[in-house]
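Have a look at the structure below before the remarks.
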Amino acid sequence: MALDFNAMTCHLIRQYQITATAGNLALSTSQGSTQIFDNGNVFIGWGELPYISEHTANGRLVMQGQFGADDAASSYRAFKGNWLELQTQRLPCGPLPTQPGALR
């Protein structure tokens, strides 16, 4: 948005849209965050909605993700960054033992 305090006006410069699970455009009414990268891409956390997305500088959607059910998850902020594992020991890996009659 571009604000002109002298004229007391606001103009939309760019908007970003994603499609929610139900097929409608997502609209978050609270929270949310944006992260702008050096290449102009924008990473968005959709606040009260459990979605993240990345868009090119001209607004084209390049990635969308969901981290929970629409009515059960939200995130005040979301970030994208490089992740480095600093594991100091090898963890055991394999199937978990089950008890007779246990659900798998």
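The values are calculated or read from the model by the stated rules, or taken from the named source; none is laboratory data. Nothing here was measured: the structure is a model prediction, and the numbers come from that model. Cβ coordinates were reconstructed from backbone atoms using ideal geometry, including for glycine residues, and neighbour counts include every protein chain displayed.
Name the residue that is farthest from A57 (Cα to Cα), counting only residues in region 13-22 that are part of a loop (DSSP other than H, G, I, E, B) and β-branched (V, I, T). So, considering only residues that are part of a loop (DSSP other than H, G, I, E, B) and β-branched (V, I, T), the one farthest from A57 (Cα to Cα) is T21.
Conditions tested, residue by residue: (1) surrounded by 11 or more Cβ atoms within 10 Å (Cβ to Cβ); (2) touching an Asp or Glu at 6+ places or on another chain (Cβ under 9 Å); (3) within 15 Å of A78 (Cα to Cα); (4) without any contact (Cβ under 8 Å) to a residue 40 or more places away in the chain.
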residue: M1; (1), (2), (3), (4): no, no, no, yes
residue: N6; (1), (2), (3), (4): no, no, no, yes
residue: T9; (1), (2), (3), (4): no, no, no, yes
residue: R14; (1), (2), (3), (4): no, no, no, no
residue: I18; (1), (2), (3), (4): yes, no, no, no
residue: N24; (1), (2), (3), (4): no, no, no, yes
residue: G47; (1), (2), (3), (4): yes, no, yes, yes
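Within region 60-67, none of the residues are assigned to a loop (DSSP other than H, G, I, E, B), of a type outside the set (G, A, S) and modelled with pLDDT of 95 or more. Scanning region 23-41 for residues that are at negative phi, in a loop (DSSP other than H, G, I, E, B), under 17 Å from the mean Cα position of the chain (by Cα) and of a type outside the set (S, T, N, Q) turns up A26, L27, F37. Looking only at region 82-101, decide whether some residue is assigned to a loop (DSSP other than H, G, I, E, B), small (G, A, S), surrounded by 12 or more Cβ atoms within 10 Å (Cβ to Cβ) and at pLDDT below 90. Checked region 82-101: no residue is assigned to a loop (DSSP other than H, G, I, E, B), small (G, A, S), surrounded by 12 or more Cβ atoms within 10 Å (Cβ to Cβ) and at pLDDT below 90. When region 42-59 is filtered for residues that are part of a loop (DSSP other than H, G, I, E, B), over 15 Å from T21 (Cα atoms) and either within 16 Å of the chain's Cα centre (by Cα) or of a type in the set (A, V, I, L, M, F, W, C) (or both), the ones remaining, listed by number, are G47, T56, A57, G59.
Being out of contact with any Ser or Thr (no Cβ under 9 Å at 6 or more places or on another chain), surrounded by 11 or more Cβ atoms within 10 Å (Cβ to Cβ) and either hydrophobic (A, V, I, L, M, F, W, C) or free of Cβ contacts under 8 Å to residues at least 12 places away in the same chain (or both) holds for only one residue in F67, F43, F37, and it is F37.
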